[in-house]
Every structure is written in structure tokens, then in C-alpha cells.
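This report refers to the structure that appears directly beneath it.
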Amino acid sequence: MPNHHQQTVPPRLAVSISGSGGTGAVTVGLILLDAVAKAGFYGNMTRAFGPQIRGGESAVMLHFSDQPIETLAEFSQLHLALDWVKFDRFEDEIPLTADSLVIYENSREKPPGLVENSGATLLGVDLQAIVKTIKGSRINMVALGIVAQQIGLARHFIEAALQKTLGRKGSEVVETSMAAVDAGMALLTDTPLSGLANWQPTHQPRWNMSGNEACGLGTLRGGLKFAAAYPITPATDIVEYLARPLVQMGGNLLIAEDELAAMNMVIGASFGGAPSMTATSGPGLSLMIEAMGLAVAAEIPALVITVMRGGPSTGIPTKSEQSDLNQALYALHGDAPHLVIAPLNIQESVNISQWALALSEALQTLVILVTDQHLGQTRMIMDPVDKLPLTLSRLQPKADPTADTAVHYQRYQITDSGISPMSLPGMGSYQYAAEGLTHTESGLPSSRVQDHAQHLHKRSHKILQFDYGELWAQRLPMANAQHTVITWGSSFEAVKEAVKLLNHRGAAISLIGLRLIMPLQAEALAALTQHQKVLVIEQNDSAQLSHYLLAEKAIPLDSEAYAKPGPLLFKPSDLIRPIQTWMEDRT
Amino acid sequence: MSVEKIPVKKARPNDYTSEHHPVWCPGCGHFFILRALTKALAWLNLDKENIGLVSGIGCSSRLPAYLDVYGFHGVHGRALALASGLKLARPDLTVIAAGGDGDGYSIGGNHFIHACRRNMDITYIVMDNEVYGMTKGQPSPTSDPDWHSKLAPKGTGLARFNPMGIALASGASFIARGFSGDPNGLTKILTEAIEHKGFSLVEIKSPCVTFRPEQKDWHHAMRLMNVTLTANPMEAAQAIYGSDGFDTGIFFQADMPVYEAEAANEKPHSDSASMESIEKALLV
Ligand SMILES: Cc1ncc(C[n+]2csc(CCOP(=O)(O)OP(=O)(O)O)c2C)c(N)n1
Ligand code: SF4
């Protein structure tokens, strides 16, 4: 695997493209990302859309680097506008400053006020006129050529990427597009952002993948055999990705009539022995809650991936927020111990989702894997991820044909670990009825005090006694630090970059990124933070993680929170000042 | 049945019962459905470990614990979703779902429609007593409009839900009505339903002696196994809509496309070879 010099701040090139419906801004983004990857570099791409279902204005934001990069830039260095229709929608996503260069199609509209006021250098070009000279070409391909030339991306990488995306439409389409790209590349002469030329390319294999796809891949590696889901933004991509590979792996996908069905289908399949999962987002998770409790009580392995979006209610479906933590932790009625796990970035979504599925199998319970729109839908060029060497699996009774059937099989037998051997349909002499009512060891409904207490304890004990190893958190300790920042999920990469930068400037800050949020490794966390000033950073309005850590006595009572709602992901540059202010107040 | 197909070991109904005594009120119709089901399973000589019996919540939904098969007592209204997941993951199993009219037609109504539409090979037994028994006597979707109860002192005033009509319209390929007081007819219907490949709705009139004591009179009203089987949905619709609810037998049975596990049919490569090609597709 390539060895990256982990600079404090990775060198970065931030490019954005916008246009109204049908102009093909997203296509330019996808081809650029792929071409830059082919040239031996890394990058990520996020998207923004107007409210129109299809064919409305859209924008892509790309970040390139010579090392894996998951964070967003403070501002867009190069913005290319295919037109200015409703550009103001993207004001938040595409910050422009006096250091930005804006190239725009100038035959129709002048730049809007907010662009002019940004102080950016503006350069109008007549893309429509160029397109008229190349029969069948489109302005987005000319734009592609302009951006390639500006960032110093060689022509043949564009051609290779175009071949991959448009190749199936025939060689003529590729040739016409390349003619437009060439015209774009010849349009301007200077290359103010010739970043790529200064970087050392890698020749190692890399993956082009979104976080949602990463979750799909991880669960496949974990042995997924069944998925059921009802479509919801921004989670649908997970099951769309899985549709083919899951069948290739001998599994099945069921399109559920609603989320209530999806969750119960997962439980049914898992009862039958198939490692199973569903994927949803806040509103869908709300509908799954009752059945999620059934998975806990009946001790059925089940993985639920929830990709958070802006909330509450229908909220902001297409944008990110970390505001469903409380839902994942507390929404179930009764005492319903389960696992809540969150990957810290896009790349590790592969391994953490594999881990999450394996834990659901090993612990025979509900695991909620929490990601968000940013982690899920950002596309990234990453180093390939090795499969986690996990040996976790579902405990089954030993198939013994001479077993004494007179001694009835006890599905919910009390054991030292709290984990009972689970038989699967088809195993003779081990029939039982899975039960969501409080039950005895054999599974018979019971409302007795002792049975209730015993099985509540059994189910919490099994997840508390389990050794989760090192994966529960990512720690970046700093020698002699008296300040510790704790964060989770999609905030992690931005916080990490900000903390590194501050450490580089002489501050001493340790960082902890939490992956296993429930059961919280409270003692371990308390030991790490007991003599520390602690700041919890999260992307929601009510400081959900911070309150949870305080309630669990996992961090000192005087800990503070920096909690800001979505729907915009933190940029490292957003966090420097708040961390500095906190440190000044807390010395 | 040909000679060589005669099984070596012939099962008896009691082989399928568990050691647990039902919680049902003495005289409850559900007892007779339990009995008829074990008789049907014995008749079909199915291996106990290859049967998955899932249910929701209600008096009727207590059924799984009373059979010595793989059972699942789930949450209210979701038995069919659970059964669909189980059947797709384990096509080798005989999957039966069971519950009440409240469970299946009210809270579970959406799953009912879509289970019919998928027409998976599942047998669905609805023990219809036209009341919510477990919660002590509220009107259900199949209650008569003028049936008085605490919750609806003047009756609901709503027309009855027509489960067999809905099943036909939604794509179920086997539709029957049985009566818990007719053990022989019911056993026959259940046997046929389980053998049928596709979604089988067995709507069973099962008196709630506690909250609908007047249903004891059903004994006189029911017409036992008087229905003529058809594979023609138009004829079936006529029979279903033409019935006052007291006719029993198989109304409709047809050979229709069944939603099945895809994976079993197409798995040309080993897991590791498949995984390799899946990962290769991610490369830049
Ligand atoms: C989500 C939910 N809502 C309500 C209930 C309460 N509840 C339990 S059983 C039942 C109705 C049962 O009626 P039916 O399905 O007709 O079965 P029966 O008891 O008549 O056999 C209700 C409303 C519940 N358990 N869960
Ligand atoms: S309440 Fe009615 S349905 Fe429930 S067990 Fe008693 S008689 Fe049967």
C-alpha cells in the first residue's frame, strides 16, 4: 500500500462545476474524478442539487490531492459555471473568495451579484460558440477540457475516463466529446492551478467508491446473504449497489412495501440463518423501531444501516447532519440493549460495516450502523481496503443426531457469556419458537419477575462482557496534551485536520474518534480523559453525543460541546477558531 | 400417490404438538384450528424441523408455541413480512404465517396486499373472529357495522373488509374459507393450501366465545364445503362477492407466477471468485 507523507494539511485542489438541468455538470465531475485518479492521484466529489426531482440545476465539488483526502476546502479555487441559472442555491456549497477563479459561459447571462461581490477573478468564455463548430458536441465537454488544462491534467487521462463512461454509446460519441475537450484545452493558455504537475503520482491500484457502496462491500465481505429495504434518500444507493453482487454471492434482496416490512423481513431471513441487513434514514428508522426491539428481545442478529440526513421530520433529505444519534441510542422502548456503531470516514466504512454485521451475528442482536449523507454519498478515490480478518460468527448448537430430545432445547439458555446457541430451521430436535414477549429459557412467554430480570440481564450482559478490541475508537494521542477533542462520524476527518494543524502550530491536543458508541466503553474513555479538558464536536443542534458521554460519566463534568446543526459538513477551517477559543478559556 | 413414494415413517398429528397448553379460553375456535393444522401437517408427513410457523400478536398469534416446529411469535401485524424474509432466505422450508383478523387485515393490511401480490409460496392462516380478542373486544375490520362494543357503542357503521376479495384483486393464487367447527373440511383446505405453490389465504371463521358469544350460532349458519373451485378469477370474484360469508371451501386456485429466491438459480461462481470480480469493478 502506498506510503503517504502525512502532511499536516494535504495539498489540495478545489474545483467546482455548476449548471442548470441538462447541462451535464455532474457528468463532468464524474469524468474528472476518474481521470484525475487515472493520472495517479486521489480526490473526492460531493454533489448538490436544486429541489427539482430530475433535470434541475446541479453542482459538483471536487477536491484533488496526492494523498487520500476526505475533507472539504475552505473555498473553491476554480469554479466553472455552465450557466448561472439559480446559482444562488449553491452559495453555501461553493464558497468563492478573492482567491477564486471563476470561468463562465458568457453568451447568455452575466454573473449574479453574489459572484461579483465575492471578489473572485471572473473570466467569461463563449462556450456556445465553440460547440457550434463541433457537430454533436456539448458545452460540458468543452468545460471539461478547460478544467483539465487549468489543473494540468493530461489529455489521455480524460480520454480514458471518457471511454469508460461514454464508451458504450459508441466510438463516435467519444470522438465528438474529445474534440470538444480539445477545443476547451486550447482555449486558455496559462495554467494558474497546475497543481497536478507538482505532485508525485502513484501507480498503485485505487478504488473509486462512495461511502454507501463501501457499506455494501463491507457487508458482502461479512457474509451478507439477505437485504430488504424501502427506498429513502440518502440510503437507497446502498441497496442499489447490493442488488447485483448480493445475488452473485448467493444472497437475496427483497424490495419491501415499507420500512416496517423491511425490518421484519430482515428478522425473518436472519431467523432462517441468513446474515441480514436493511438500510434506511431517519424517517424510515422511525418506522423500524418496534421490530428493532423484537430483534433485541428475540435475540435475532440484524444489521440496520441508517444514513442520517437533515431532520426532524422529512427535514433535508439530500443533505447531511449528525442529529439521529439519540434516535439510534434511545428510540427503542423497554430496556433494549443493542449496538450503535459509526464509521469515522468513507474509506473505513468498508471495514466498519463488515465489523458491524459480524457483531450482529456473534452477539445475536440488533446493530445500528450510523452514517450520514456526506459519508454515504461522497465519492472518493481511495486505496483498496484489505478485508478485516474477523472470525466472529453465530453460535449454533452442535448438530448431534443422537441428542437426547427428551431434554428440550433451550433457545434462550442462560450462559456465562449471555450468548446462547441458536439453532436454525432444518436442524432436527432443536425446534423452538422465537419470542418477543418476556420468556423463559426455552422461549415460553412469561410475566414472572425472575424471568424478566434474568433475561434483561442476559441480553445486556452479552453485549457488555464482549471484548470489542481496539476498534472501539481511533485515538490520536498527543504527548503532554491536557486537551482532548472527541468526535464521531463524518465530523472526524475535518476535526482531525484542524487538530493536526493546531498541534503543528504548537498546541497540544489529543483526538478521539468514537466508533463503538453503544455499548459505550465508558471506563476506557474516562481513563483517557479524566485529567483532560474535553471538547466534544458534533454536527447537530442539541449536543447529543456530548450529553450522552456526560450521562455515562465517560468524560469530565466540565467538558464542553461544539455542536452545530447541518446541513453543511464542517470544514477544517470552520473548526480552528472554536477549538482555539475553547483552549484559551480552558487553560 | 405411487407406491414408491409412500413414506417410511408416517407422522401423527400429535407429533407436531408441543408440550405447552394454549392460553385460549375454553371453547375458543382457535383450538380447533390448531388441531386441524397438526392433522394437515401429519397428512403431508412434513418433517417438523423443516416447517417455519410465524405469527404476529393476538390470541390467534399464540399458535407457534403450541406446535413443535420452528416458530416465531413476532410483533403485531407483521407476520407476513417476517414470513416473506424467511421464505426468501430459506426456500427449502414450508413457511406458514398465522394470526387474527386485526393482526392481518388492520395493522398488517399493507403487508397482506403485498404478500398476495408477490405470491410467494407461503400459507397464510387467518383466524377470523371479527373482533380484537386479546385486547378484550374491540371492533375489527371484519366486524359487522352494527356490532355494539364499548369502543363503538353504536357500532362502527362501516362496511366489512372483504379479505378474500382483496386477496383476489392483489394476486393471491389460492383463496379459501374454512370454519373452525368443521375439522375435516378445514384439514382438507389446510392440506391443499400448504401443498399449493404460491400464496394461499385460508380465512377461517373462528368464534371468540368470550367477546362474541353470539358466534356460537355460526354452527347453524355455516355451509360446509359447498363452494366450487375455479381457476378463473372472474368466476371466483362472483363467488366471493356473492357469498354471505358462510360458504366454505376453496374459492380460487390458479397456477400463477411465484416470487422466488433468485440466488438459488444463478450462482455460477464460488464466493471468493464472485468477491474478486465485485472488488475488481471498483478499480480506477
Ligand atoms: C403495535 C401494537 N399495537 C397494538 C397492540 C395491542 N394488540 C394486541 S393484540 C391486538 C388485536 C388482536 O386481534 P386479532 O388480531 O383479531 O386476534 P385475536 O386476539 O382476536 O385472535 C391488539 C390491538 C400491540 N400488541 N401492538
Ligand atoms: S378472547 Fe376470544 S379469541 Fe381470545 S382466546 Fe378467548 S375466546 Fe379465543
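Read the figures in this text as sums done on the coordinates, not as results from a lab. Not measured: the values here are computed from a predicted model. Quick reminder, even Gly has a Cβ in these numbers, built from the backbone with ideal geometry, and neighbours come from all protein chains shown.
I'd like the distance separating the alpha-carbon centroids of the range A:260-303 and the range A:39-117, in whole Å.
Answer, in whole Å: 40.
On alpha carbon coordinates alone, what is the Rg over Rh value for the protein assembly as shown, Rh being the Kirkwood radius? Walk me through the numbers before you get to the answer.
Details: Rg = 31.0 Å, Rh = 29.9 Å.
Across the protein assembly as shown, the Cα-based Rg/Rh ratio is 1.04.
Please work out the C-alpha center-to-center distance from the range B:141-180 to the range A:136-211 and express it in whole Å.
Taking the Cα centre of each part, the range B:141-180 and the range A:136-211 sit 64 Å apart.
Please identify every one of the trypsin sites (Lys or Arg not before Pro) in the range A:426-485 that sits in a loop by DSSP and has no more than 14 other beta carbons within 10 Å of its own beta carbon. Mind showing how you got there, number by number?
Numbers: sites: A:ARG448, A:LYS458, A:ARG459, A:LYS462, A:ARG475; in loops: A:ARG448.
Answer in residue order: A:ARG448.
Work out from phi, with θ = phi - 60° and the Karplus expression 6.51 cos²θ - 1.76 cosθ + 1.60, the ³J(HN,Hα) of each residue of the range A:153-163, listed in order in whole Hz, and give x for Gly and Pro.
Along the range A:153-163, the couplings run 9, 5, 4, 5, 5, 5, 4, 5, 5, 4, 4 Hz.
Please get the size of the charge dipole for the protein assembly as shown, origin at its Cα centre, with Cβ charges of +1 on Lys and Arg and -1 on Asp and Glu, quoted in debye to the nearest 20. Let's see the in-between values first.
Values: 67 positive and 85 negative charges, 137 e Å.
Using Cβ point charges on Lys, Arg, Asp and Glu, the protein assembly as shown gives about 660 debye.
Suppose every Lys and Arg Cβ carries +1 and every Asp and Glu Cβ carries -1, with no other charges. What dipole size does the range A:395-466 come out with about its Cα centre, to the nearest 20 debye?
Details: 6 positive and 6 negative charges, 42 e Å.
With only Lys, Arg, Asp and Glu charged at Cβ, the dipole is about 200 debye.
Cα-Cα over 25 Å: which of B:LYS39/B:LYS87; A:LYS500/A:LYS533; A:LYS38/A:LYS225; A:LYS496/A:LYS533; A:LYS319/A:LYS533? Display every interim value, and only then the final one.
On the way: B:LYS39/B:LYS87 23 Å; A:LYS500/A:LYS533 17 Å; A:LYS38/A:LYS225 33 Å; A:LYS496/A:LYS533 17 Å; A:LYS319/A:LYS533 32 Å.
From B:LYS39/B:LYS87; A:LYS500/A:LYS533; A:LYS38/A:LYS225; A:LYS496/A:LYS533; A:LYS319/A:LYS533, over 25 Å: A:LYS38/A:LYS225; A:LYS319/A:LYS533.
Regarding the range A:340-398, what is the average projected area of its C-alpha convex hull, in nm²?
With the hull built on Cα positions only, its mean projection is 4.8 nm².
Under a cut-off of 20 Å between alpha-carbon atoms, report the lysines in cross-link reach of A:LYS398, not counting same-chain residues fewer than 8 places apart.
Candidates past the 8-residue exclusion: B:LYS48.
Of all beta bridges DSSP finds with both residues in the range A:208-382, what is the antiparallel percent, to the nearest 5? Write out the running numbers ahead of the final one.
On the way: 4 of 24 bridges.
Counting only bridges with both partners in the range A:208-382, antiparallel ones make up about 15 percent.
Hey, got a sec? Which trypsin sites (Lys or Arg not before Pro) in the range A:493-548 land in a DSSP loop and have at most 16 other Cβ atoms within 10 Å? All intermediate terms of the calculation are to be shown ahead of the outcome.
On the way: sites: A:LYS496, A:LYS500, A:ARG505, A:ARG515, A:LYS533; in loops: A:ARG505, A:ARG515.
Hits after loop and neighbour filter: A:ARG505.
Counting Lys +1, Arg +1, Asp -1, Glu -1, what net charge surrounds A:ALA526 among other residues with beta carbon under 11 Å of its beta carbon?
On the way: positive: A:LYS553; negative: A:GLU523, A:GLU552.
Local charge sum for A:ALA526: -1.
Binning at 10 Å from 0, report for the range A:1-147 what percent of all alpha-carbon pair distances ends up in each bin.
Each 10 Å bin holds this share of Cα pairs: 11, 41, 34, 12, 2.
For the range B:21-80, rounded, prolate or oblate, judged on the Cα gyration tensor with a ≥ b ≥ c (square roots of eigenvalues), a/c < 1.5 rounded, else prolate if a/b > b/c? Please report the intermediate quantities before stating the final value.
Working: a/c = 2.19, a/b = 1.16, b/c = 1.88.
Oblate is the answer for the range B:21-80, as a/c is 1.5 or above yet b/c matches or exceeds a/b.
Using Cα-Cα distances under 8 Å and only pairs 6 or more residues apart, what relative contact order does chain A have, in percent?
12 percent
Quickly estimate the mean residue ellipticity at 222 nm for the protein assembly as shown, helices only: each DSSP H run with n ≥ 4 gives -39500 (n - 2.57), and the total goes over all residues, rounded to 500. Spell out each step's value before the answer.
Numbers: 27 runs with 291 residues, N = 871.
So the helix-based figure for the protein assembly as shown works out to -10000 deg cm²/dmol.
Calculate the translational D of the range B:220-279 in whole µm² s⁻¹ from Stokes-Einstein, where the hydrodynamic radius comes from the Kirkwood formula applied to all Cα pairs, the temperature is 20 °C and the viscosity 1.002 mPa s. Please report the intermediate quantities before stating the final value.
Details: Rh = 15.5 Å.
Using the Kirkwood radius from Cα pairs, D works out to 138 µm²/s.
Quick one: angle between helix A:25-38 and the longest Cα principal axis of chain A, in degrees between 0 and 90, rounded to 10, please.
80 degrees
As an exercise, use a Förster radius of 41 Å and the Cβ-Cβ distance of A:ILE316 and B:LEU158 to find the FRET efficiency, rounded to the nearest 0.05. Working shown, then result.
Working: r = 39 Å, r/R0 = 0.96.
The value I calculate is 0.55.
Checking the cross-link filter: which lysines have an alpha carbon closer than 17 Å to that of A:LYS135, excluding same-chain neighbours under 8 positions apart?
A:LYS169
Once the Cα atoms of helix B:271-280 and of chain B are each reduced to a long axis, what angle between those two axes, in degrees from 0 to 90 to the nearest 10, is obtained?
Once rounded, the angle reads 80 degrees.
Whole number please: convex hull volume per residue of the Cα set in the range A:208-382, in Å³? Intermediate results must be reported in sequence, preceding the final value.
Numbers: hull volume 15.8 nm³, N = 175.
Spelled out: Cα convex hull of the range A:208-382, divided by residues, is 91 Å³.
With Rg and the Kirkwood Rh both taken from Cα atoms, where does Rg over Rh land for chain B? Working shown, then result.
On the way: Rg = 20.1 Å, Rh = 19.7 Å.
That ratio equals 1.02.
P(r) for the range A:469-585, please, calculated from all Cα pair distances in 5 Å bins and given in %.
2, 12, 25, 27, 21, 11, 2, 0
Taking R0 as 45 Å, what FRET efficiency do you get between A:LEU557 and A:GLN450 from their Cβ-Cβ distance, rounded to the nearest 0.05?
Values: r = 37 Å, r/R0 = 0.83.
For R0 = 45 Å, the calculated efficiency reads 0.75.
How large is the direction-averaged shadow of the alpha-carbon convex hull of the range A:252-305, in nm²?
Working: hull surface 13.1 nm².
Orientation-averaged projected area of the Cα hull: 3.3 nm².
What does the charge count near B:ASP121 come to, summing +1 for each Lys or Arg and -1 for each Asp or Glu among other residues with Cβ under 15 Å from its Cβ?
Working: positive: B:LYS87, B:ARG90, B:ARG117, B:ARG118, B:LYS197; negative: B:ASP92, B:GLU192, B:GLU195, B:ASP255, B:GLU260, B:GLU262.
Result for the neighbourhood of B:ASP121: -1.
Quick one: if you stick a label point 7 Å off each Cα along the C-beta vector at A:ASN480 and A:VAL9, how many nm between them?
With each label point 7 Å from Cα toward Cβ, the separation is 2.5 nm.
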